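Chemist: Here it is, the structure, as structure tokens.
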Amino acid sequence: MLAILAGFPLFIAGSGHCASPDLGSSSAPSASATVPTGSEADDTATGGDQQQPSSSTLRWSPNTSGPFFTGTAETEPLGSSYFEPITYAYLSSGGATVSNLLKVAVGLGHHLEFDMAAPLVYATDRTSGASSTGLGDTNFQGKWQLIPDADTNAFLAFPATSLTFGITVPTGSYENLDPAKHGVDQFGNGTVNESIGLLIRKRARPFLFYAQLNEIIQNQARVEEGYTFNDGLTRVPPGESFRMVDGNLIYYTAVFEHVVNERWQAGYLLELFGEWQSAQSLFFGSANAPAWSFLWAAAEAEVTWPRKERFSATWGIGAALPVYTDNYRRNYTLMGTVTLYYNGLGGSRDE
């Protein structure tokens, strides 16, 4: 679920751009993106009761860009998919890292989805003037939606809930680093990571609420001089090498989203995003890598254009600031994304 590059979280979330937007119904009768459900759908098909259903009985499926660090609990239907490039520019006193995350998601049917993502990274060091470009670690993830949103117009109804299962493989460089480059040629952390996560999303028109919690197991890896640990601050001293044990890693988020204009699916989001790596591994004992934690707050904006039956594109921008850091590099982050959706025979999400 997560790849970390020299203290910069390159998160591969449950869906969307680290948070997938929920695509509205391709058969929606108007820009309000509402579709009849249950008996109302039957009445529409059979020419039953001609009375228009009230807004409280319509299913609201907004087609928005969504948050940058949080996944959505809904899955792509069978045959539907999306491609999502996301840019994160991490700025700090020591330099800058630009991560271009490329993600593909495919609906498998039966409320299952497969995701794959990897970042192309450009990093610079302000002290030495060195810079490097490379591929980061690659993430594979499966998502299983357990239950749908019971009522998309009522906040107190049960939310959509999903489980995710992921593995990250070390495709980014982390060995044989050039000491003169001060770590900017390191694009992965060298470990195979397994994760399990819980995704929740609640719609209460015109608002959406998200939450995510992930448990990440980081396996051992041999590291050598010049290697930068996940805190982004500590490096292996010259001449040393050893088998690294990272502590247990917890990832958590919470999001508020307000769709201001339903015609353009335009709105804003406020997102909290944090990680905590402990001094103890669940499976490998005491960690010899530093413990650390942080909490960021992000403000984001979104719009959808165009929006067609088979294709749509959502756009998002945002900025994240550190609220709290403990033994972790302070980063100021700028984000931007576009998500390109293809709606197959299964339609769009939550249809």
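Chemist: With no solvent and one equal point scatterer per Cα, compute the Debye intensity ratio I(q)/I(0) for the stretch 209-271 at 0.11 Å⁻¹ and report its log10, rounded to two decimals.
Modeler: The calculated log intensity ratios at q = 0.11 Å⁻¹ are -0.51.
Chemist: Any chance you could list the semi-axes, whole Å, largest first, of the equivalent ellipsoid that the Cα gyration tensor gives for the stretch 177-238, using √(5λ)?
Modeler: 37, 15, 8
Chemist: Here is a follow-up. When the scattering of the stretch 197-351 is computed by the Debye formula from its Cα atoms alone, each counted once and equally, what is log10 I(q)/I(0) at q = 0.10, 0.18 Å⁻¹?
Modeler: Taken in order of the listed q values, log10 I(q)/I(0) reads -0.53, -1.10.
Chemist: Convex hull over the alpha-carbon atoms of the stretch 76-130: what's its volume per residue in Å³?
Modeler: Taking only Cα atoms, the stretch 76-130 has a hull volume of 65 Å³ per residue.
Chemist: Straight-line reach only, C-alpha to C-alpha below 16 angstrom: list the lysines that Lys103 could link to, leaving out same-chain residues fewer than 8 apart.
Modeler: The reachable lysines, counting only those whose Cα sits under 16 Å from Lys103, are Lys143.
Chemist: Peptides 87-95, 323-331: what's the order by average Cβ count within 10 Å, highest mean first?
Modeler: Top of the packing list down: 87-95, 323-331.
Chemist: Could you compute Rg(Cα) / (2.2 N^0.38 Å) for the stretch 106-176, with N its residue count?
Modeler: Compared with the compact-globule rule of thumb, the stretch 106-176 sits at 1.74.
Rule-based calculations on the coordinates, nothing more; no lab input. Note that this is a predicted model, so its numbers are computed, not measured. Reconstructed Cβ throughout: ideal geometry from the backbone, glycine too, with neighbour counts over all protein chains shown.
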